[in-house]
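Notes follow the structure.
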Amino acid sequence: MTNKTQPASGRFHLFKATATIGGLTLISRILGFIRDTLGAQYLGAGSANDAFLIAWRLPNLFRALFAEGAFASAFVPMFNRTISEAEKKGQNGFAAGLRFASDVLSVLLPLLIIFEIGMIAAAAPIVRIMTGGFPMGSAGEFQLAVFLTRLTMPYLALISIVTLLGGILNSLHRFWVNAAAPILLNVGLIIGLVFFRSNNPAMTAETQAIAVSLSGVLQLGWLIWACRSANVRLYPHWPKLTPAVKKMLSITWPAALGAGAVQFNLLISTALAARFLPEGAVSYLYYADRLNQLPLGLVGIGIGTAILPSLSRQLAEDQTEAAIHTQNRAIELALFLTVPAAFGLVIASMPLISALLQHGAFSASDSIHSAQALTAFSLGLPAYVLIKILTPGFHARTDTRTPVRVAIIAMLLNLILNLLFIKPFGHVGLALSTAIAAWANVIMLYGLLRHRNHFACDRQLFTRTIKIIIASLVMAAGLWPCLPWLNHMATGGVAYRIATLSLLLLFGSVLYFGTAALIGTFPLKEIKFYLQRRYKR
């Protein structure tokens, strides 16, 4: 293959992997919105929902860290490096990789069991630290949150093993299997709400907590089946800390802090909302974050997951320029999809929240408060995605300590801004602090990569970024006059709500992609290349 075709081929594989992960994540997120809509309808933004969301926050944090960041970021490069080193010695690389994975699983299992027992035993002090005992909430809210936290804790161990198996499949470029696993989580929670809910909100919250752990069992079963189909079989044995396992464990927790900075900031914001703000603030932040997470899940996680195996292999083979090229194209693709999403969420936060959630126990006032938080969160949307893309630049070089230092600085900044903003701006100030801290994180990550000559924005990325911003501004200007009409439609019947969402998506897409095509944001020859390669395959 010539040098001329290599970059295009690399872009195609990145595009294809991102599309695969993003498409399945889209299905999961749609099911997630159905789940959230049902939760809003049956639980509203009251004390029972606040208690469940606090109980769900810790397992959800670990899901985000492990499934979308830390463990995979540490495991995948070492798994690939083990395969490459074995093949260079003329050995069976795949078998060597599976031996390493079996060693990791053998150490991970007892650690998870001990950790689970400790977390369940310490549920009460953990919830009290997170919430201050719900001083602004209703009586019994703290006890309910502790009980629900114990019910959701088994998910932590289950998702950790799921992530190990998913990391192996990602390294084999079977991205779709791991990307499909969260669908089972949302299906389980939806089944719990539809068939096992109660007229008592606390009982419905308990059903949701049980469904979380049962869904983790389903996810693990799915990954075990997929691994067996791919001839991936792990054989746990007596735990032994081999040098490779020691190295992986030493970089996993730093990777958790580095890759999960946004999630830790959300945890801090949730804790402060439960401690200092009135009932419902935790729910407002949660529902706003759920909408904000949609493009992050579709684009950021997809691209971040797709480029890590490529980056680690390129760096293992001393292809530094190819690695820099891969990250440039990843950022280019991420900005092309997330910048317009950020503009759209900021402009149309109110009709989106109203159409999706304002029904049953979720009031018009709840919609207003959640839309305000969504607007603030969305200001940092491109930053949340860029963190997912820049961090693998360190992890692929087995450097997890640098992103940790950056993440700690960003978290301290977030905490300071939270304390400054919570009194004058309430829950909106907490969301805004998260966005500002995310941009600070991006600036620091980019600056360090640039300083070490590990990354530099090329001219193509700079030019296309300007065009992306122009197309996004055109889209926002076109949507703005339609907002009063859309706000009115969003509170009508089901047909009106569907029409509101459809018109927002269709009109916004036509404005953005039409403008992008007119000003040549992405040349038609590249789009034609992607389509031709897909057709040939």
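Here, each number is a calculation from the coordinates, and none is a lab measurement. Everything numeric in this text was worked out from a predicted model, so none of it was measured. Neighbour counts are summed over all protein chains in view; Cβ atoms, including those assigned to glycine, are modelled from backbone coordinates with ideal geometry.
The table for this structure:
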quantity	calculated
Computed label-point distance, nm, for sites residue 26 and residue 91 using a 7 Å Cα→Cβ extension	4.3
Most to least packed among 450-456, 101-107, 513-519 [average Cβ atoms within 10 Å]	101-107, 513-519, 450-456
Distance violations [Cα-Cα > 25 Å] among 388/423; 240/388; 88/246	388/423; 240/388
Most to least packed among 157-168, 481-492 [average Cβ atoms within 10 Å]	157-168, 481-492
Cα centroid separation - the stretch 136-195 against the stretch 389-412, whole Å	25
Volume in Å³ per residue [convex hull over Cα atoms, computed for the stretch 114-211]	113
Cβ-defined net charge surrounding residue 35, 13 Å radius [Lys, Arg +1; Asp, Glu -1]	+2
Full-extension gain in nm, residue 200 to residue 452, via 0.36 nm per residue minus C-alpha separation	85.0 nm
